[in-house]
There are 2 protein chains.
Amino acid sequence: MIAEKPTELSYNPHMPLSQALLLPRIAIEDTMPTLDGGQFAVKAVVGQDVVVTSKVFADGHDKLAVRIRWRAEGEESWHSETMGELGNNGWQGQFRVERQGRHLFCIEAWIDQFASFCYELEKKHSARVPVSLELQEGRTMVQHASERTEGQLSEQLAGLHHELSALLETEQVALFLHQRSADLMAEADHRAYLSISQEYPLDVEREIAQFASWYELFPRSITDDKARHGTFNDVHSRLPMIQDMGFDVLYFPPIHPIGRSFRKGPNNSLTAGPDDPGSPYAIGSAEGGHEAIHPQLGTREDFRRLVVAAAEHGLEIALDFAIQCSQDHPWLEQHPGWFNWRPDGTIKYAENPPKKYQDIVNVDFYAADAIPSLWVELRDIVVGWVEEGVKIFRVDNPHTKPLPFWQWLIADVRALHPEVIFLAEAFTTPAMMARLGKVGYSQSYTYFTWRNTKYELSTYLSELNESPWAECYRPNFFVNTPDINPAFLHESGRAGFLIRAALATMGSGLWGMYSGFELCESAPIPGKEEYLDSEKYEIRPRDFNAPGNIIAEIAQLNRIRRQNPALHTHLGLKIYNAWNDNILYFGKRSADGSNFILVAVNLDPHNVQEASFELPLWEMGLPDDAQTQGEDLMNGHRWTWYGKYQTTRLDPAHLPFGIWRITTS
Amino acid sequence: MIAEKPTELSYNPHMPLSQALLLPRIAIEDTMPTLDGGQFAVKAVVGQDVVVTSKVFADGHDKLAVRIRWRAEGEESWHSETMGELGNNGWQGQFRVERQGRHLFCIEAWIDQFASFCYELEKKHSARVPVSLELQEGRTMVQHASERTEGQLSEQLAGLHHELSALLETEQVALFLHQRSADLMAEADHRAYLSISQEYPLDVEREIAQFASWYELFPRSITDDKARHGTFNDVHSRLPMIQDMGFDVLYFPPIHPIGRSFRKGPNNSLTAGPDDPGSPYAIGSAEGGHEAIHPQLGTREDFRRLVVAAAEHGLEIALDFAIQCSQDHPWLEQHPGWFNWRPDGTIKYAENPPKKYQDIVNVDFYAADAIPSLWVELRDIVVGWVEEGVKIFRVDNPHTKPLPFWQWLIADVRALHPEVIFLAEAFTTPAMMARLGKVGYSQSYTYFTWRNTKYELSTYLSELNESPWAECYRPNFFVNTPDINPAFLHESGRAGFLIRAALATMGSGLWGMYSGFELCESAPIPGKEEYLDSEKYEIRPRDFNAPGNIIAEIAQLNRIRRQNPALHTHLGLKIYNAWNDNILYFGKRSADGSNFILVAVNLDPHNVQEASFELPLWEMGLPDDAQTQGEDLMNGHRWTWYGKYQTTRLDPAHLPFGIWRITTS
C-alpha cells in the first residue's frame, strides 16, 4: 500500500485513494422494501414472508453470492438465507418473521470465486477446450481453502484435494462440479470483496394490525330510551350481534368526562340544554381528564368487565386518543403552561372565522413548560389504558400534533408493549398521511370514503399497492364515521350501502363501520356530508332489527374475508378489464398464489349493469382457452369457466356485486 | 427539561425523549434532483437553472418559510433563495449554477410566525370579527422582534411598533399586512423550528458535457492509399468538412503503439500479415504504452499541432481510454504484479470458449501489487493527456473495471481539471449503466442503437427523462460505431440513415457518428451487426464526396440543434399522439418554455406514411382551436396551424422526417 508518487497520491480531498480502496466493489442498490433510505421502518405482520429485492452487481463477469440477513432487535445473531437471481442484476430473497417488534435486515454479497471457476470450467469443458491448467488452478483453490480453515472442514477439503489429484481430467471436472465440492468450498469461502448494505428497519406487528373489521359505537346510545344514558353494562347486550357480523375490533369514541363550559347542543348548536350529553371529544371536567372514565358510562370496574366480555366475543376494545381538552379539563389549572393564553388572560382556542370552537382547546407541545412533562404525561395516559387491556388506539387528528411526538410515543409504547396498534384519523395531504405511517402508525383512515367512480377507485386501490404507500401505509376503509355521512349514500338506497360494504371489505384487509351503516342510515344535514342529529351531540337509540338492514350481507362479507387469505391485506390487488365504466373489477391474490379472489362491483346503485370481463388466466400461467372453476362466495354456487372472456350481470335490486374464487381444479 | 418521572422518562432505548425533542418538527422529504439519498451527485451544466422540488410540511396550519441554499465547494458562504408552494406540500425553487465543479444544496424551512399571524388577522378582519386582541399580540411580536435584533433593524422595528400603537384598528390591520412590515419581520425572524435537510451534491460541467455532436474517425484511414498509413498531419485536411457538418468533438480510437503478438488480421482473423496495422485496442509495444503515441501516426508535436488546429475549427479532440494491454505492453515486464498469471507462467487472457482473445490482456485492479500503484499510474496517464489539451475521454468497457476505481479517478481528475469529461462505452445491464453515471461519468453510450420501433423508441426516450436516469445519465446517441453496424441500416438504404440521424440529433443533446455513416456505409459481415472489412483491423480510405451521401442533411440537423435550446439536452422530451404506428412524434421544449420543437419521424424507410397528429396546445396553455405558427426547420417554410388536429405525410424517398418549430405569434 505504499504509493509510488506519495506527494500526489490524490488530488481530491473528498475522495483520497486510501478511501476509494475501501469502497465496496460490489454495488447493492434499490433494496426493497425500504422507506426513505432506511430512515423509517417498513411494516410486516407476524407469520409473514418478507420478500426482499435488490440490485446487486459488480464489474466484470464473476459470479456473485448474495444473501439476506435479518434479526429481531435484541437477538444477538443474524439469520441468513441465500437470494436468487431475477435477471438484470435483480436478486430476491425472503424470510419469515415470527415475533412482534422491530427487526433489522441487510444484504451481503461477495464474489463467489469457486462458483466463477466452476462456471468457466464447465463452459470450456463443454466446448472441448483443454482444461488441464484450469484443473490445476482449481486444485490450488481447494488446497488454499483447506489451509485457511480448521478442523473437520479443513480435513474434508484436504481429502477433496487428494481425491482430485488422483483423478483423470474428465473425472476431475465432474468432481469439481459436484454439489459436495460446492458445499465444502462455500463453507470455506473467505467472501472476497464482501459488501454489506446498510441495515434497514422493519416493524412486525400482530396480524390484526393488517387484517381486522372495526365496528364503532357510542356506548351512551346503547339504551332503549334517549332520556336514559347508555352504559358500559348496556354494551354487553350488543356484543353477540357484533360478533355475529364478524367484527374483530369494537371502537368507542372518547369515554372520558365531558366538559360543561361551551358544551355543544344537538346538531353542533352553540348552546346545550341541561340534559344534552355534550360531545365526547370535549374531554375533561372536574371529574377528571384523559385518564378518567365518564361517570355516566360506569365505573372502572364496569369498563374492565366489558373488556373481558368483549374478548369472550372475539372483540378487542379500541379507544379514542383525542388530545384536545374541554375548558374544564383539570390540566388548565394544573398545567397552565401547557396551553396558549391571550393577552386578556383567556385561553386560545381554534377558530375558522367567523366560527369559534370554544368547547375545545389544544395543548402546545413545544411550550417551555410542556417539555417534557406534557409528552411524558400523554405517554403515561396511553400506557395506563394499555394496562387496562386496551391495545388499540384510534388517534384523533394526529396531523395537528408534532410528528416527532408520535415517532417517540409510538416507539416508546411499543418498546414495552409491541402488541399496541395506533390508527391515524388523519384526513389531510398525501405526504402527511404517508409520513404518519412512517413515524409509526400501524394504519390510517383514507380517502376511500370519497372515491366513487371506477377511475377514482381503480387509481386509489392501485396507488396503495405502490411505493411508498405499500411500505408505510395500511388503509382502514371506513365506510362511514360519525363525522362522515358520504354523499354517495344519501340517495343510493340499500344498494349503495352494499356497494360500499363490498368495496371496503374486499378492497382492504382493514375496514370499519360506524353503527347505523348496517341500518342504511343516511339522513344528512342538507347539503353536507354530515349526519342529521349527529350522535356526537345526542344519544341515539336504534332498532338493530329494523327491516331493510344489510346485517346478513355484512356477516357474509366478513366470513368470506376470514376464509380467504388473499383478503387479509390491501396488497396484492390488481385492477382487471371489465368493459363497462360502471363496473369495477379487480382481483386479490395471496402472496403464495394459492388463494385468488375476483370481485366485480356495480358502482351504479340504481341500474342493472352488464359487462364482458377478462379472467386473469395469464396470472395463473394458463392459456386463454383454459378451463377454470368458479365459486360464488356469497351463495356457494359453483361452475366451470371456459376461456378468458366472460360476462356478468349485476343487479342492484338484488346484489350489486359478485365475489368469486377462481381455481384450476 | 426536568422530567416529572425521571426513572421512566423513556421505555425505548432507541428513541429517548431527549432525542425525540431534537427531531425536526418540519418534515423535508422527496427532495429532487437527488440520487440514492445524496450518495451520488446529480448533474448540471454551467448556466443552467437547477430546479429543486421537495415536500415540506409540519403539523397544524402554520405558514412555513422554505428556502433553497446552495454553494460551490470551496465557497465559504451559502446562497439562498425562497421556494414557492406547489400545493399538496410541494415546494419549488431554483438557482443558476455559474461555475464548473462540485456544488452542494439543501433545503431549510421554519415556521413563519408573523406570516401565520397576518394570515389569521386578515381572515378575521375580512369576517368582521373583533381583532383588538390579535392586534395586541401582533404588536407584541413586533416589539419582541425589535428587542432581539440590533442596530438599524431594531430601530426600524421599534419605529413600526410605535407607529402601530398610534393607529386605529383598521389602519393597524393595513400596516401589519403591508409589505414593509413583512420585510422587516422576515429580516428579524428567529426561524422557529428551523429544519434543514441533508446536503445534496451536484456536479456542474461545461455545456459540452450535455450538448455536443461527436464525430469518430481512425486517423490512420485519412489517406488516399490503403498502403499508406494515415497520420495526424493528414487529419488536418478533414477538419473543415467535419466542422461544416456541425460537429463539436472529434474522437479518435486509441492512438498508442499497437502490439505485435497475437495481432489480429482483417475481419478479426487470428493471423495478421506483416503489413496489417492491427487493432488500435491492442495497446502497447516496445515503443510504449498508454502514455505513448503510435509512431506511424506521427510525433507528439504532430499531435499537439492537431489539437490546436482542431480547436481552430471548433473541434475538441476526444481520446479513447482503453485500459487493456497487448501482450507487448511494457507493463507486463515492468509490473508483472498488475496481471494474472497461469500456473504454467503464461498470462491470463479473456476467453469465451472456444474463442480466445489472446491479443489483449487485462490488469487486475485489486492484485496486491496493483494497489495503489496501478490506480495512480492510470490516473497519471489521464492527467498526462489532459496536460496535452485533451479534455474529453471515451472510456472503453468501463463496466469491466471496478466502480470504486472510476469514482476515485473521475473525482480526482476533476478536482484539478473540472473541465474534463468522461464518456462511458458500456453496453451492459441498466443498473450498471446508471451506476457509471452515478460514480461520475458525464455521459454514456446507450441502447438507442437497438431501439427501432415506435414502442421501443417512445418507451426509451421517455424512460431517459425519468428518475433515476434523468439525474445520473446523459445519453450519447451514437448512430453507429466501429463495433456496431445496426441491422436496421443493412437494408434501409439512404432513408434509413436519415431516419436514424434525425432520431439521434433530435432525441438527445448528445449524438455521435462514426465515419462512413454519412456515406451510408452498411455492408455487414453476413448475419452480424458488424462491419465487413472492419476499420478496426485495416486501413480504409474513403471518398467523402461519394454520391448519395447525407452530409448536407447532417449539417442542417446540427445547425437546427445549435439554433434551438430545446435540443441542447435529452430532457424535456415528451411523446405526443400521431395515429400511425410507423410515425414517432415527439416534442422538445426548453426549460423556460420559449423554444418548442416538434419532430415527426417516419420509421419505415421504404414507404410513405401519413398520420393525423395532435399539436400539444395544452402545453402552451392554448385552447384546442387556437392558431399557431409552424416553421419547417429543414427548409424554412412557414405556415399557420388552425386547431389541434393536423396531418402529415412523410416520404422516405424525399425526407422521412419533419422538424417544426411551433410558436404563438
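The values are calculated or read from the model by the stated rules, or taken from the named source; none is laboratory data. Since the model is a prediction, treat every value here as computed from it, not as a measurement. Positions of Cβ are generated from backbone atoms using ideal geometry, with glycine treated the same way; all protein chains shown enter the neighbour counts. Protein only, heavy atoms only, side chains kept; ligands, DNA and RNA dropped before computing areas. Shrake-Rupley method; radii C 1.70, N 1.55, O 1.52, S 1.80 Å.
Per-structure values
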read-out: Which numbered condition A:VAL601 misses (of (1) farther than 28 Å from A:LYS43 by Cβ; (2) open to solvent by less than 50 Å² (accessible area, probe 1.4 Å); (3) not acidic (Asp, Glu)); value: (1)
read-out: Some residue of the stretch B:338-356 being more than 10 Å from chain A (Cβ to nearest Cβ), modelled with pLDDT under 95 and in contact with a Ser or Thr (Cβ under 9 Å, 6 or more places away or on another chain); value: no
read-out: Residue, farthest from the other protein chains (Cβ to nearest Cβ), within the stretch A:442-454, restricted to residues that are surrounded by fewer than 24 Cβ atoms within 10 Å (Cβ to Cβ) and touching a residue at least 40 places away in the same chain (Cβ under 8 Å); value: A:LYS454
read-out: Those residues of the stretch B:104-124 which are closer than 19 Å to B:GLN198 by Cα and open to solvent by less than 10 Å² (accessible area, probe 1.4 Å), in sequence order; value: B:PHE105, B:CYS106, B:ILE107, B:GLU108, B:ALA109, B:ILE111
read-out: Residue that is most open to solvent (accessible area, probe 1.4 Å), among those in the stretch A:336-386 that are part of a loop (DSSP other than H, G, I, E, B) and small (Gly, Ala, Ser); value: A:GLY345
read-out: Options A:HIS313, A:HIS290, A:HIS256: the member that is buried (at least 16 other Cβ atoms within 10 Å of the Cβ) and free of Cβ contacts under 8 Å to residues at least 40 places away in the same chain; value: A:HIS256
read-out: The stretch B:142-166, residues that are buried (at least 18 other Cβ atoms within 10 Å of the Cβ), aliphatic (A, V, I, L, M) and under 51 Å from the mean Cα position of the chain (by Cα); value: B:VAL142, B:ALA145, B:LEU157, B:LEU160
read-out: Near pairs, Cβ below 8 angstrom, 6+ apart or cross-chain, from the stretch A:330-342 (without any contact (Cβ under 8 Å) to a residue 12 or more places away in the chain) to any residue that is open to solvent by less than 30 Å² (accessible area, probe 1.4 Å); value: A:TRP341/A:ILE347
read-out: Any chance A:LYS574 is open to solvent by 40 Å² or more (accessible area, probe 1.4 Å) and assigned to a strand (DSSP E or B); value: yes
read-out: Every residue from the stretch B:85-103 that is within 14 Å of another protein chain (Cβ to nearest Cβ) and either under 25 Å from the mean Cα position of the chain (by Cα) or surrounded by fewer than 19 Cβ atoms within 10 Å (Cβ to Cβ) (or both); value: B:GLU85, B:LEU86, B:GLY87, B:ASN88, B:GLY90, B:TRP91, B:GLY101, B:ARG102, B:HIS103
read-out: From the options A:ASP344, A:ASP276, residue that is of a type in the set (D, E, K, R) and in contact with a Gly (Cβ under 6 Å, 6 or more places away or on another chain); value: A:ASP276
read-out: Any chance A:GLU169 is touching a Ser or Thr at 6+ places or on another chain (Cβ under 7 Å) and surrounded by fewer than 14 Cβ atoms within 10 Å (Cβ to Cβ); value: yes
read-out: Condition check for A:PHE488: open to solvent by less than 10 Å² (accessible area, probe 1.4 Å), at pLDDT 95 or above and of a type in the set (Phe, Trp, Tyr); value: no
read-out: Candidate set from the stretch B:38-79 (those that are more than 29 Å from B:HIS190 (Cα to Cα) and open to solvent by 40 Å² or more (accessible area, probe 1.4 Å)); member that is nearest to the other protein chains (Cβ to nearest Cβ); value: B:GLN39
read-out: Of all residues making up the stretch B:356-386, the number that are under 22 Å from A:GLN136 (Cβ atoms) and without any contact (Cβ under 8 Å) to a residue 12 or more places away in the chain; value: 2
read-out: Test: residue in the stretch A:130-153 that is more than 14 Å from chain B (Cβ to nearest Cβ), out of contact with any helix residue (DSSP H, G or I) (no Cβ under 6 Å at 6 or more places or on another chain) and under 20 Å from B:PRO353 (Cβ atoms); value: no
read-out: Residues satisfying the stated conditions in the stretch B:387-414, i.e. free of Cβ contacts under 8 Å to residues at least 40 places away in the same chain, more than 7 Å from chain A (Cβ to nearest Cβ) and either more than 22 Å from the chain's Cα centre (by Cα) or surrounded by fewer than 19 Cβ atoms within 10 Å (Cβ to Cβ) (or both); value: B:GLU387
read-out: So A:VAL45, is it farther than 30 Å from B:ARG379 by Cβ, β-branched (Val, Ile, Thr) and touching a residue at least 60 places away in the same chain (Cβ under 8 Å); value: yes
read-out: Meets criteria (part of a loop (DSSP other than H, G, I, E, B) and not assigned by the TED database to the domain that holds A:ASP62) for A:ARG128; value: yes
read-out: Among residues of the stretch B:114-129, those that are under 30 Å from B:TYR200 (Cβ atoms) and either within 10 Å of chain A (Cβ to nearest Cβ) or in contact with a helix residue (DSSP H, G or I) (Cβ under 7 Å, 6 or more places away or on another chain) (or both), counted; value: 1
read-out: Residue under evaluation A:THR82, criteria (1) over 30 Å from the mean Cα position of the chain (by Cα); (2) over 30 Å from B:ASP412 (Cβ atoms); (3) among the β-branched types (Val, Ile, Thr), criterion not met; value: (1)
read-out: All positions within the stretch A:288-320 that are out of contact with any His (no Cβ under 8 Å at 6 or more places or on another chain) and either aromatic (Phe, Trp, Tyr) or assigned to a strand (DSSP E or B) (or both); value: A:PHE303, A:GLU316, A:ILE317, A:ALA318, A:LEU319, A:ASP320
read-out: Filtered residues of the stretch A:415-430 (kept if open to solvent by 10 Å² or more (accessible area, probe 1.4 Å) and within 13 Å of chain B (Cβ to nearest Cβ)); value: A:ALA415, A:LEU416, A:HIS417, A:PRO418, A:THR428, A:THR429, A:PRO430
read-out: Residue in the stretch B:3-14 that is among the charged types (D, E, K, R), outside any helix (DSSP H, G or I) and at pLDDT 95 or above present; value: no
read-out: Output for the stretch A:186-238, where each listed residue is in a helix (DSSP H, G or I), among the β-branched types (Val, Ile, Thr) and open to solvent by 30 Å² or more (accessible area, probe 1.4 Å); value: A:ILE208
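Matching residues to (1) of a type in the set (A, V, I, L, M); (2) within 30 Å of B:HIS490 (Cα to Cα); (3) in contact with a strand residue (DSSP E or B) (Cβ under 7 Å, 6 or more places away or on another chain); (4) in contact (Cβ under 8 Å) with a residue 12 or more places away in the chain:
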position: B:LEU567; (1), (2), (3), (4): yes, yes, yes, yes
position: B:ASN582; (1), (2), (3), (4): no, yes, yes, yes
position: B:VAL599; (1), (2), (3), (4): yes, yes, yes, yes
position: B:VAL608; (1), (2), (3), (4): yes, yes, yes, yes
position: B:LEU615; (1), (2), (3), (4): yes, no, yes, yes
position: B:TRP641; (1), (2), (3), (4): no, no, yes, yes
position: B:ARG649; (1), (2), (3), (4): no, yes, yes, yes
position: B:GLY658; (1), (2), (3), (4): no, yes, yes, yes
position: B:SER665; (1), (2), (3), (4): no, no, yes, yes
